[in-house]
Amino acid sequence: MAESQTNLAWDVLIDLTQGHGTLHERLTRALRAAIRAGRLPTASALPPSRILAARLKVSRWTVTRAYTQLIAEGYLEARAGSATRVRWTPDPGTHLPTGAARDAAVPARLDMTPGRPDLQGFPVTRWVEAIRRAAATTPYSQLGYPEPAGTLRLRQTLADYLNRVRGTSAAPDSVTICLRAADAMVRACQAMLADGISHLAVEDPGWPQLREAAAFTGMVLVPLRADRDGMQVEQLSAHPEVGAVCVGATHQFPTGGVLAPGRRAILLEWARRRNGLIIEDDYDAEFRYDRPPVSALQGMAPQRVLLLGSVSKTLTPTVGVGWLVSPLRLVAAVRAAGPFPLVPPALNQLALAWLIESGSYDRYLHAARKRYQARRHALLDALGRLLPTCRVEGAAAGLHLLLWLPPGSSASHIAASAARRGLLLADLDRFRMRPDPARPGLVLGYGNLADSAVGEAVSALAEILAS
């Protein structure tokens, strides 16, 4: 490990009031315990003896005696002209209950986790520039706690952007900035509960985080089957208790279907007749490869639809910015959801606003779209050559596709075997409300899969299926 200022351990907690013996014996035991517990990790630099002595209010001799003893035991090492550093390394398999445990997990080599963007493609340079501009131009008065609804500038920018690229009918007053889509879902459900709606129809299979967010609020979930044409909204007639529907109209997860025009019409007519509400998950709307994306339902019925989205799939979840476009009559309830609203940092909000306003966001999406399209084609080609008996479904969009397995296959066992080879896959049952062993499938994400690794990943999957 490089000897740098990044692994200083000058502020470790040391309690000399416990135990027995002289001061240097108690200090030796405390330092030894901190090293073995991982609070002082391997190669971390301890403070000079005079600094630690002054902080602990003991003599410098006490510290040097403890350091000398631990050097003799092999816990520390001292080099001329350098700091005293931790030398001890735990045996393989040793359980470290504190900070050292974070290094135990080895990342998978091949990531086909669905719903994850290309993390190496994150536009670091543009984002740093956006943060710099936001920090340099934002008045000090706006650097306090963020506004509960989000900064006005980002709400204006997002309303203009969504109206331009998604065909919405959004205004700054209808936009509420959230941490991510799940946060927007919680706000939407709490607002609907306050409006007297207690039953929510959800897609099955569907994105589990949204279901969990809705269930967290106390909403009763009613599953409706989703297929290659999206949610089977015709089933709503059999559920008079349902007052709201959550649907991925543009690109349903995980089937990859687009809500068919006839079903869109049925859903909008149901909302009008029932005086119901629609939560539209704008998942993957930015990535359509064979034709322009369909417009959002929100633009067709802004007083019936709550549109939720985020930059988690376009940039990275780390940015932590999502939004909810809601009917004006629900805005107050949406923004009042919870006593402590979760709002992204103001600098992140203003940086995203600059990224969109400057055109950098559009240029980044254009490049990402071409990259994902080429990767999807490579994945389809490899699946066709190596797994010709497995059927693939999903529109030419988004960051995932659905692979149907041969009857009798165990998707969970296949995913577990793949994980042992360093390949991350997702069993379709993970996204169903009830497992369906008779229809096994895998949801293959290609967003965070390197182009050069596509063939290797499919080859590994083919070997597992063959065995």
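Each of L210, L70, A135 was scored by the projection of its Cα onto the charge dipole of the chain, and the greatest displacement toward the positive side belongs to L70; charges sit on the C-beta of Lys, Arg, Asp and Glu.
Residues in region 395-400 carry Karplus couplings, in order, of 5, 6, 7, x, 10, 8 Hz; the curve used is 6.51 cos²θ - 1.76 cosθ + 1.60 with θ = phi - 60°, and Gly or Pro positions show x. Entry note, region 371-436: relative contact order of 17 percent, from Cα contacts under 8 Å with a spacing of 6+ residues. For region 112-117, putting each phi into the Karplus relation 6.51 cos²θ - 1.76 cosθ + 1.60 with θ = phi - 60° gives couplings of 10, 5, x, x, 10, x Hz, in residue order, rounded to whole numbers and with x for Gly and Pro. Computed on region 309-444, with alpha-carbon pairs under 8 angstrom and 6+ residues apart, the relative contact order is 15 percent.
Segment S459..E77, full-extension length gain: 132.8 nm, with 0.36 nm per residue of separation and the alpha-carbon distance subtracted.
Annotation: average projected area of region 178-278 is 5.8 square nanometres, based on the convex hull of Cα atoms across all directions.
The alpha-carbon positions of region 314-415 define a convex hull whose volume is 197 Å³ per residue. Between the labelled values (i) 25.5; (ii) 23.7; (iii) 23.1, the entry that holds Kirkwood radius over Cα pairs in Å as derived from this structure is (i). Per-residue SASA remark: F122, around 40 Å² accessible (1.4 Å probe; ligands, DNA and RNA not included).
Accessible surface comparison of T22, T176, probe 1.4 Å, protein chains only, largest first: the order is T22, T176.
For the chain, the carbon plus sulfur part of the accessible surface works out to 55%, probe radius 1.4 Å. Entry note, the chain: relative contact order of 19 percent, from Cα contacts under 8 Å with a spacing of 6+ residues.
The gain in end-to-end length when the V220 to R164 segment is fully stretched comes to 16.7 nm, 0.36 nm per residue minus the alpha carbon separation.
Before rounding to the nearest 500, sum -39500 (n - 2.57) across all DSSP H runs of length at least 4 in the chain and divide by the residue total; then give [θ] at 222 nm in deg cm²/dmol.
Details: 13 runs with 168 residues, N = 467.
Dividing the helical sum by the residues of the chain leaves -11500 deg cm²/dmol.
Using heavy atoms of the protein chains and a probe of 1.4 Å, the accessible area assigned to R304 is about 60 Å².
Label sites at A238 and S141, each approximated as a point 7 angstrom past Cα along Cα to Cβ, lie 5.9 nm apart.
Is region 106-202 best put as rounded, prolate or oblate by its Cα gyration tensor, with a ≥ b ≥ c the root eigenvalues, rounded for a/c under 1.5, and otherwise prolate when a/b is larger than b/c, oblate when not?
Numbers: a/c = 1.83, a/b = 1.10, b/c = 1.67.
It comes out oblate by the Cα gyration axes.
The Cα center of region 15-75 and the Cα center of region 276-298 differ in position by 60 Å. Accessible-area rank, largest first, for T62, T318: T318, T62, with all protein chains present and a 1.4 angstrom probe. Farthest toward the positive end of the dipole of the chain, out of A415, T22, L428, is the Cα of T22, where the dipole comes from beta carbon charges about the Cα centre. In the context of the full protein assembly, Y67 retains an accessible surface of approximately 20 Å², using a probe radius of 1.4 Å and ignoring ligands and nucleic acids. The accessible-area ordering, largest first, of the residues R385, R329 stands as R385, R329, per a 1.4 angstrom probe. A simple charge model with +1 on the Cβ of Lys and Arg, -1 on the Cβ of Asp and Glu and nothing else charged puts the dipole of the chain at about 1000 debye relative to its Cα centre.
The values are calculated or read from the model by the stated rules, or taken from the named source; none is laboratory data. Not measured: the values here are computed from a predicted model. Ideal geometry is used to build each Cβ from the backbone, glycine not excepted, and the neighbour counts take in all protein chains shown. For the accessible areas, the whole protein counts, side chains as well, though only heavy atoms, and no ligand, DNA or RNA atoms are used. Shrake-Rupley method; radii C 1.70, N 1.55, O 1.52, S 1.80 Å.
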